[in-house]
Amino acid sequence: MKITARLIVSLIIAIAAVAFGFTYYQVSVEEQRLQTELSRRAVLLGESLQESVVPLVQSNAQTKLQRIVERFGNRERLKGIAVTDLQGNVIVSTPDIRSTIREPVPQSVAAVVEKRPIEEFQDLGDKKTYIYTLPLREDNRLFGALVLIHDASFIGVRLEDIWKTNLIRFVLLSLIVVAITLVMVRWSITGPVAQMAEWLREMRRGKTKETPPVGFSRGDILNPIASEVAKLAKSLAHARAQAEEEARLRMQADALWTDQRLREHIRHELRGQRLFLLSNREPYLHVKQGRTVRCVTPAGGLVTALDPVMRICDGLWIAHGSGNADREMVDEKNMLRVPPDEPAYSLKRVWLTKEEENGYYYGFSNEGLWPLCHITHTRPTFRLEDWVAYQQVNQHFADALLEEIQHVKSPLVLIQDYQLAILPLLVKERRPDARIAIFWHIPWPNPEAYGICPWRAEVLLGMLGADLIGFHTQFHCNNFLDTADRFLESKIDWEHFSIERSGHTTLVKPFPISVAFTADATVPTPEDRAHQREEIMKEIGMHVRFLGVGVDRIDYTKGIPERFLAIERFFEKHPEHIGEFTFVELAAPSRTHIKRYRDLVAEVDELVERINWKFQKKWWRPIVYLKANHSHEEVYRYYRAADICMVTSLHDGMNLVAKEYVASRADGEGVLILSQFTGASRELRDALLVNPYDIEETADAIYSAVVMEREERQERMKRMRATVRENNVYRWAGDLITTLVRLRPEPAAHD
Ligand code: ADQ
C-alpha cells in the first residue's frame, strides 16, 4: 500500500474510533435524559390523577372514572391510562389500549404488592412504551393501581437521529481530512520528492544545473536530505566537470594546460628538486595599514603562474623586500614562509638602500635598459653610478642565492627579467653546476639599437651566464642572437638557437607568456551582459552605443597619446558617431620618480582635456580617463562591458591586456584593436592589427570595429580565445621549467 493510502486509512480509522466513542457517549446521555424526562412527566401526571381517582374507585363510580381517564388520556406522548383493582383487573381504561392490555396487569399486581410505583419499558405491539404504575392509596389503604402508558418510541427515533447526524459528520470530516492530507502530502512530501527525483534524473543525464529546484525547501522535513543531496549533486557535477575536463585534455593531447596539469607536470619533472626563483618584485609584500600589517599579492601573470609551481616544490623565491612592513615579518635569515594562510614555500627578502634602489631600479633598469629595449624613441640614459648600483644589487641577489644553494647539487635557478640581467653570470661563476634560466619580459632590440649601451658586452655576458634565455617571441630570440654575434666572440648555432662561448652553451628560446585562462567561465546571459553594461554606463555617467576600453600602466611604450589621437581622428572622420562612442581608459600611474613618466602623465592629462573639450556635449564626452590602479575585478568588469579594447603599444614584449580582454569575453563578443609591435600580435592574428604611429590607420580600425558584422566579430573572437586558451600561462610556466630541468648540468667547480 502506498504511504498516502496508509496514512489516509490510519487517519480514517482514528477518526471513526473517535466519532463512534463520542456518539455512543452522546446517545447514552441523551437516552438517559429522555427517559428521566418521561419518568418525571409520568410521576407528575400520576400524582395529580391519584387524588381524583381514589374517591371514585372507593365509590365505584365507573362512569366518572371513565370520563376522567379519557380526559387525561389524550396528553402528549401518553398512549393510554388504565385503573385496576387490587388484583390487577382493569376497572376502566382509555379505549386505545383496551385491546392491547393484558389482565391481570402484572405491573399493577407488582405495584400493589410492593406498595411503590413501578416503572418499565416494554414493547407493546410494534412500539416501545414506558409504563408507570402507581399504587392507589389513601391513609395507607390500597384500592388498586393507576397504569400510565407512554409512547417511548420517540426516544429511539431521537437516538437514531444522533447516530445518523454523527455518521454524516464523520463522512464529511473524513473527506476533509483525506483532502487536506492528500494536498499536504503532495505539497510537502511527494511533490518535492518527485521534483528531487526528476532533478536527480536530469542531473544524472548531465542536463541540469547544480542548484536544486526551489520546491525542495517546501518539504522542510526533507531539508536535511535536500541539503545532503544538493552537496552530493555538487560533487557529482564537479567530478563530472573534472572528468569532462580530463577527457577534453586527453582529446586535445598536449593542447590545454591547467593549474592542475601544471602541478602534476612539475611534480613529475622536478622529482623532489627545489626551484630557486629570483625576481625584483616579490609575490607577497607586507604593508602597514594603520596599526595592522596587511599582506598584499601583486596581481599579474608571473605570480599566478609561478606561485603554484613554488608551492609544489617547496621552492625559494628571492626578491626585493619593498613593502613598508616587510622587515617586521622575516626571521634572522630574512626569510618567511608564504602564502601566509597556507605556508608552502619560502620567500627571502633582499634589502636595498635608497641609493641602490634609485640606481638599480629607477636608473639603470628603467631609464637605461627599458628604453634601450623598447624602440619608442625615448632616449635611454646611462649613468655610471646607476650601472654600479645595478651591479651591486645583482650581487646582493647572487649572495642571497649562493648562501641558500651551497649544499644543493645542480640547483635549478629561474631568474626573472631585465632588472637581474647580469645575475646569471654572477651565479654561474661560483656555481657552474647550477642550471640557470633567465626570462626576459620585455623586447630585445636589434643590434644597432642595443649597441648604444655603454655596458653592452657586460650585460650580454651577464645574461649568457644562463643556460637558457627565454623571450616572448622568436623575433626577440633572433635579435638576441644577432646582438651576441655582433658584440661578442661567440659561436652562434642558428639551427639549435644557442650561443657557445668559452665552453659554455646558452639555449635561446621563445616562451610566450599569457594569462590564466583554461575552461570557459559560465557564459553570461544577454540579460546579465546588459545589466553589467548598464552598471558601467551608470558609473561613467553616460549611455552610449559603443564602449571602448584601454588598460595600461602610464608608460610611454604603451602608446596612450597615439591612441587618444586616433580617437580624435575617428570622430573627425565619422562625426555621426559623436555621442555614440566613448572610450574608457583605466590608467595606472607608474615609475613616477622618473621625470619622463611625470611628463607623460601631464601630456596625457592635457591631451584628454583638449580632445574632450573639442567634442564633448552636455551629457557626453569622448574619453573617460580613470587614472588609478584598479582592482583585477574592476578591470575585468570593464573588459566584459566593452565592445572594443585598444592596445596601441609602440613596442611591447607581449602585452597581457590583449590576452586578458580575449580571456574575459566568455560571451564571444568584442573586437580587439592591437598594435603590430606587441608580442601578442604574433599570436592574436584575428585582432585588428594596427601601426599605432599611423593615426589614420588606427582611427579606421576603430571605425571597422564599430561597423563590424556580428558574425565576423564572433568568428574572430572565437579563434583568438582558442589561441589564448591553448597558450595560457600554465603552458608558459610548464614549458619554461621543463626546458630548464632537462638541461644537462655542467660539472661543479670542485668536481
Ligand atoms: P607590463 O609592461 O606591465 O608588463 P602588460 O603585459 O600589459 O604590461 O601587463 C600589465 C598588467 O597590469 C595587466 O595584467 C593589466 O591588467 C594590469 N594593469 C594595467 N593597467 C592597470 C590599471 N590601471 N589598473 C589595474 N591593473 C592594470 C611587462 C612587459 C609586457 C609583458 C609583461 C609580462 O612590458 O610586454 O607582457 O611584462 O611578461
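Each reported figure results from applying straightforward, stated rules to the coordinates on display, with no laboratory input. The structure presented is a predicted model; accordingly, all values stated were derived computationally and were not measured. Positions of Cβ are backbone-derived with ideal geometry, glycine not excepted, and every protein chain shown enters the neighbour counts.
Between the stretch 81-99 and the stretch 340-370, the alpha-carbon centres lie 135 Å apart. The relative contact order of the chain comes to 9 percent, based on Cα pairs under 8 Å that sit 6 or more residues apart. Each Lys or Arg adds one and each Asp or Glu takes one away; over the other residues whose Cβ falls under 10 Å from the Cβ of L148, this sums to +2.
Of the trypsin sites (Lys or Arg not before Pro) in the stretch 666-751, which ones lie in a loop per DSSP and count no more than 12 other C-beta atoms within 10 Å? If you can, show how the numbers build up before the last one.
Numbers: sites: R682, R685, R710, R713, R716, K718, R719, R721, R725, R731, R742; in loops: R685, R742.
Answer by residue number: R685, R742.
Helix 3-58 axis versus longest C-alpha principal axis of the chain: approximately 20°, rounded to the nearest ten. The length gained on full extension between E697 and K231, counted as 0.36 nm times the residue separation minus their Cα-Cα distance, comes to 162.3 nm.
Longest segment of the chain with no GluC sites (Glu not before Pro) in a DSSP loop having at most 11 other Cβ atoms within 10 Å? Please report the intermediate quantities before stating the final value.
Numbers: sites that count: E76, E332, E489, E495, E709.
It works out to 77-331.
Restricting the trypsin sites (Lys or Arg not before Pro) of the stretch 521-587 to loop positions (DSSP other than H, G, I, E, B) with no more than 16 neighbouring Cβ atoms within 10 Å leaves R545. Note on K595: aspartates and glutamates with a C-alpha under 14 Å away, same-chain residues under 8 apart excluded, are E367, D555, E603. For K64, the lysines whose Cα comes closer than 21 Å to its Cα, not counting residues fewer than 8 places off in the same chain, are K79. So, in Å, what gap is there between the alpha-carbon centers of the stretch 423-496 and the stretch 538-589? The stretch 423-496 and the stretch 538-589 have Cα centres separated by 38 Å. Each 10 Å bin from zero holds the following percent of Cα-Cα pairs in the chain: 2, 11, 15, 15, 11, 7, 4, 4, 4, 3, 4, 5, 6, 5, 3, 1, 0, 0.
Taking the longest Cα principal axis of the chain as reference, the axis of helix 153-185 is set at about 10 degrees. Calculate the FRET efficiency for S188 and Q242 from the Cβ-Cβ distance with a Förster distance of 41 Å, rounded to the nearest 0.05. FRET efficiency, S188 to Q242: 0.70.
Restricting to DSSP H runs of at least four residues, report the calculated mean residue ellipticity at 222 nm for the chain, -39500 (n - 2.57) per run over all residues, nearest 500 deg cm²/dmol. Don't skip to the answer; put the middle values down first.
On the way: 24 runs with 358 residues, N = 751.
Estimated from H runs of four or more residues: -15500 deg cm²/dmol.
Cross-link partners of K231 among lysines, defined as those whose alpha carbon lies under 18 angstrom from its own and excluding same-chain residues fewer than eight positions apart: K207, K209.
Take the alpha carbon atoms of the stretch 311-329, find their center, do the same for the stretch 258-272, and report the distance between the two centers in whole angstrom. Cα centroid to Cα centroid, the span is 23 Å. Loop-resident chymotrypsin sites (Phe, Trp or Tyr not before Pro) (DSSP state other than H, G, I, E or B) in the stretch 467-538 with no more than 10 further Cβ atoms inside 10 Å of their Cβ: W494.
Extension gain, L402-H377: 0.36 nm per intervening residue step, less the Cα-Cα distance, totals 5.1 nm. Pairs K573/K618; K348/K409; K558/K659: which exceed 18 Å Cα-Cα? Beyond 18 Å between Cα atoms: K573/K618; K348/K409.
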